[in-house]
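Student: Below is one structure. I have some questions about it.
Read the figures in this text as sums done on the coordinates, not as results from a lab. Quantities reported herein were computed from a predicted structural model and do not represent experimental measurements. Cβ atoms come from the backbone with ideal geometry, glycine included; neighbour counts cover every protein chain shown.
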2 protein chains.
Amino acid sequence: MKLSFSPASPFARKVRIAAIELGLLDQIEFISATVVPGQPNDEYSRITPLKKLPVLILDNGDVILDSYVIVEYLDELAGGTLFPRSGPARWQALTLQSLADGMLDAALLARYEDVVRPEALRWPEWRAAQLDKLSTSLASLEATTGTLANRVDIGTLSLGCALWYADLRFPDLNWRPHYPRVAAWAEAFGKRPSMHAVWAL
Amino acid sequence: MKLSFSPASPFARKVRIAAIELGLLDQIEFISATVVPGQPNDEYSRITPLKKLPVLILDNGDVILDSYVIVEYLDELAGGTLFPRSGPARWQALTLQSLADGMLDAALLARYEDVVRPEALRWPEWRAAQLDKLSTSLASLEATTGTLANRVDIGTLSLGCALWYADLRFPDLNWRPHYPRVAAWAEAFGKRPSMHAVWAL
């Protein structure tokens, strides 16, 4: 199977980290794709009309999207435990994934405002509102870090990726002093080999 | 349980339609929430830091997000069949949901460009690129409508909602003559009572 990716795509990174956790990395061929919002890419558009990264292309040609579906597919394939099968643990893990993915969506919109949109058309309040979602999410997480301890599931893995991307693109956020419990969790979780493995293609 | 909503939120509509299909509508209290991108809403932010619609608030206070998690929760609660449990049918349904939700995300970004962003800061190419995602998605669907026939699952239900929103906000798209098979599917699927039930609160 093949996964479309770019090294800076946080959602592709999440799938790769899940693949490492599940022992599936060797079974995936990573294919580089470049997607710039607002620029056509007809070749990639034939694979996925939304032109989002990543998509998983199975050996039979079937395409699976988005990242949160791909990781569950990989989990089923590996017989993994990243997705609790049912009950409160499942909804807790999936809700944390939704929160982390939403943080990423907001960060990406702020990033597009910074580097994709023509400078004269940028709207600082929009950018600030997106980054504010990171802050309110971090505040919410700070109050509930007790529920994160020792969890390795799709929720915590997604959160690790969201914080990685926030640090990559918005180092000035300087969130750690304000949310020390999240920072402590991130430091501990970041020690997992999957979290700091480099792209080796 | 309670669901936050606004009548024009396509993702809240999707959850409501799923609730109707699953026979759960009477068990959900719908609570109106107003979320305007870029405007603070501290009260709602305390419920969900991302300030997205909808969220499901369980009787024990647990919050479930996003809509694609909520609908699966409701499906499990009702013992429903909107989510195939495993295997190719599951990934096909979830991938179609991702495609439809991605169409909605693109449509919402175009809508924000039209009505939220100050007029002087609007970027027509961005709006066009978002709406182009609707067109490329419709073209992809037109080639695969055979896989949609007689399916009532979270994928087809999501697609019905995406097309509803496209018609609501972008009637000028006039997509039906260009994608007649999707149009025929949408007309047939739209006859389901859940699809044309009105909000009655």
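Student: Student exercise: in chain A, how many lysine pairs 8 or more apart or on different chains have Cα atoms under 27 Å apart?
Tutor: 10
Student: If you take all C-alpha pairs in the protein assembly as shown, what percent of them are over 35 Å apart?
Tutor: Every Cα pair in the protein assembly as shown considered, those over 35 Å come to 21 percent.
Student: Nearest 5 is fine: what % of DSSP beta bridges in chain A come out antiparallel, could you say?
Tutor: 50 percent
Student: Name the residue, out of B:Glu43, B:Glu113, B:Glu72, whose mean-square fluctuation peaks in a Gaussian network model built on chain B with Cα pairs under 10 Å.
Tutor: B:Glu43
Student: At 1.002 mPa s and 20 °C, plugging the Kirkwood radius over alpha-carbon pairs of chain A into Stokes-Einstein gives what diffusion coefficient in µm²/s?
Tutor: Taking Rh from Cα pairs, D becomes 121 µm²/s.
Student: Relative contact order, percent, of chain A when contacts are C-alpha pairs under 8 Å separated by at least 6 residues?
Tutor: Relative contact order, chain A: 23 percent.
Student: In addition: Charges at C-beta only: +1 for Lys and Arg, -1 for Asp and Glu. How large is the resulting dipole of the protein assembly as shown about its Cα centre, in Debye rounded to 20?
Tutor: It comes to approximately 80 debye.
Student: Amide H to amide H under 5 Å from B:Phe30: which residues, 5+ apart in sequence or cross-chain, H placed 1.01 Å off N in plane?
Tutor: Amide H to amide H, under 5 Å and 5 or more residues apart or across chains, B:Phe30 pairs with B:Leu3.
Student: Separation of the stretch A:87-142 and the stretch B:28-71 by C-alpha centroid, Å?
Tutor: Here the answer is 15 Å between Cα centres.
Student: Just to be sure I understand the model, the point goes 7 Å from the Cα along the line to the Cβ. What's the resulting B:Glu119 to A:Arg181 distance in nm?
Tutor: 4.8 nm
Student: Rank B:Ala107, B:Gly38, B:Ile64 by how far each Cα sits towards the positive end of the charge dipole of chain B (+1 on Lys, Arg Cβ; -1 on Asp, Glu Cβ) and give me just the farthest.
Tutor: Looking along the dipole axis, the top candidate is B:Ala107.
Student: Can I ask one more? Is it possible to state the helix-based mean residue ellipticity at 222 nm for chain B, with each DSSP H run of 4+ residues giving -39500 (n - 2.57), the sum divided by total residues, to the nearest 500 deg cm²/dmol? What is it?
Tutor: -17000 deg cm²/dmol
Student: Please say if the stretch B:8-51 is rounded, prolate or oblate, where rounded means a/c under 1.5 for a ≥ b ≥ c the square roots of the C-alpha gyration tensor eigenvalues, and otherwise the choice is prolate for a/b larger than b/c and oblate otherwise?
Tutor: Prolate.
Student: If R₀ is 25 angstrom, what is the calculated FRET efficiency for the pair A:Asp172 and B:Asp42, using the beta carbon separation as r and rounding to 0.05?
Tutor: 0.55
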